Amino acid sequence: MSEPVFSTEIKQQMSENQRQIDQLNEQLSRKTDEIKIIQTISSEILNTLDLEVLFGNIMALMHEVFGFDYCMILLNEGSLLRVAASHGHDDQGLGITVPIGKGVIGTVAQRRKIMRMMGLRTRRRYVQKVTGTDTEALPTLEDADSQIAIPLQVKDKLVGVYVVESEKANAFNALDEEILTIVSNQVAAAIDNAAAYRELQLLAEANSRFVPREFLSLLQKESITETELNDQTEGKMTVLFSDIRDFTPLSESMTPAEAFAFVNDYLGTMAPIIREYGGFIDKYIGDAIMAIFPGSPQDAVAAGLKMEESLQHFNQHTATAGKPPIRIGIGIHTGQLVAGIIGFADRLEGTVIGDCVNTASRLEGATKDLPVSLLVSETVVEELGDAAEYAIDSLGEVEIKGKKEKLKVYGIAPRS
Amino acid sequence: MISEELMPALQGIVPAWIVTTSDDNVPNCTCISQVYPVDENHVALSNQFFSKTFRNLQSNPHAVVQVIHPADIGMWLLEIEHVRTESDGPLFDEMDMQLAAIASMSNMEDVFKLQSAYVFKVHSVTQLSEALHPAATL
């Protein structure tokens, strides 16, 4: 009767083998799933530098792929975390802050470890009963009873905290924790990249206010980081100079702060006109503007006339504040210019240099002694073509400081 | 010994009860907030205050805990034995972190400090219904 015993043993062994095979298959299938998740996330979902798009993608991923209904991303701001994105919450709670070290979210940020907390309501009640104090309301689902919070880290840097919540007491298990652990590094890196990119864009935008984009494109540069000392380009361009007449006595009647505000008001009116007509501002010299028009001189003339028109509105506006009206002078000249980077080592500046700049500046100065406020050179008039829309007045010749020959000048006004 | 099925009862959702005995065999029953799962054969309790329970465990390491499954309010009895006490390491950190998270909501993080984690070997796990009516399971 030994045979049946033998066969039972074999059966048992086979059944045990099958169990092990099933177990291994299950583990393998789980690993394959994990790899699939990681691939999908990195290739499609996190592949954007737009922070808002990224937040949307992460929330959709958590909801659609993993089935988490209530999620939040809080970003680290030093001593506190701020809700930057949320999904599923009635009141989205954007902007709400959590101090580092407070509650589940704050503690996860402080200790840099994932936490899965169930039965939140019971636990809070327990502490309330024991201590006789109220627990503080934190930016969670009104009735959150389960939370998983995971630190989003890039190397040693805490980018933020990702939170998944549920109103059910026992909503999450170890597998949920594992899934979040798998994706959190990639999510953190993607957020960090997008945030860095946004910072870079803001920086580039700030830079472009100091060195105009148009100036860089003259030098055929994409970014200010590419520029070097001695970079230069030469070409025919038009220079426009404008200045407030008798600003010094006017400014003496104001406090320095008032004068500052006045100049900024004035420049705020004039500067957009330069851009509107295809020019860019090379520099401000106090209340004076030096602008470059790389295109036709007609652009500069149209801009100059528009500036005079806007000055009327500006004066009407300041009159209501009891200020006297101001007058401006504008000089325009066209010629060869070199645009380039000047300076030395750690203090560089982009500027344009050329005889044409001096001439435009002198033309502007000459409006003081002439009955016009917009004065242009003969070169400009020649380039205006038929210019039927302008009334062009020859005002004879003026002496230009540092020049042997006198310069023919013209006053320009819109043809009424 | 600790099955997946039992796990939800070890998440602190419903408070648990523990029975210990003193060195002169007087039983003591008290409510505890959570029995932590450690591994298949171990659970842990947090020692925050010096209570009678922990004094009793010094003389008799054997205890019984009753945990409640949040889904069906099913009660389970665990016969456990205190085998070691940890005051650092991953288990201690995890328990301490959970305590800090809740306590900090009431600004009590300095009061509610984990002194140590008591680790117990689990000798048996029984549903209360089985324990009361062993014949019914035959």
Can you give the helix-only mean residue ellipticity at 222 nm for chain A, where every DSSP H stretch with n ≥ 4 adds -39500 (n - 2.57) and the sum goes over all residues, rounded to the nearest 500 deg cm²/dmol? -14500 deg cm²/dmol
Measuring from centroid to centroid over Cα atoms, what is the spacing of the stretch A:227-261 and the stretch B:57-76 in Å? 82
Under the √(5λ) rule applied to the eigenvalues of the Cα gyration tensor, what semi-axes describe the equivalent ellipsoid of the stretch A:286-416? Give them in Å, descending. 25, 22, 15
A:Lys168 to A:Glu258: FRET efficiency via 1/(1 + (r/R0)^6), r the Cβ-Cβ distance, R0 60 Å, to the nearest 0.05? 0.40
Output the 0 to 90 degree angle, nearest 10, between the alpha-carbon long axis of helix B:90-104 and the longest principal axis computed from the alpha carbons of chain B. 70
So between B:Leu128 and B:Gln58, what do we pick up on full extension, going 0.36 nm a residue minus the alpha carbon distance? 22.5 nm
What nm value, rounded to one decimal, do you get for the distance between B:Ala71 and B:Ser51 when each label is placed 7 Å out toward the C-beta? 2.8
Normalised radius of gyration for chain A, please: alpha carbon Rg relative to 2.2 N^0.38 Å, two decimal places. 1.62
Rounding to the nearest 20 debye, state how big the charge dipole of the stretch A:46-202 is about its Cα centre with +1 on each Lys and Arg Cβ and -1 on each Asp and Glu Cβ. 760
For chain B, the Debye formula with one identical point scatterer on each Cα and no solvent gives log10 I(q)/I(0) at q = 0.21 Å⁻¹ as -1.37
Inter-label distance for A:Asp33 and A:Glu405, nm, one decimal - labels placed 7 Å from Cα along Cα-to-Cβ: 8.7
Averaged over A:113-122, number of beta-carbon atoms from partner chains that fall within 10 Å: 5
With just the Cα atoms defining each centre, how far is the stretch A:287-355 from the stretch A:359-383? Give it in Å. 13
FRET efficiency for A:Arg19 and B:Asn107 from the Cβ-Cβ distance with R0 = 60 Å, rounded to 0.05, comes out at 0.70
Two-decimal log10 I(q)/I(0) for the stretch A:46-202, as the Debye equation yields it once each C-alpha is a single scatterer, q = 0.09, 0.12, 0.18 Å⁻¹: -0.27, -0.48, -1.09
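Where a number appears in this text, it was derived from the coordinates with a stated rule and is not lab data. These figures come from a predicted structure and were not determined experimentally. Positions of Cβ are generated from backbone atoms using ideal geometry, with glycine treated the same way; all protein chains shown enter the neighbour counts.
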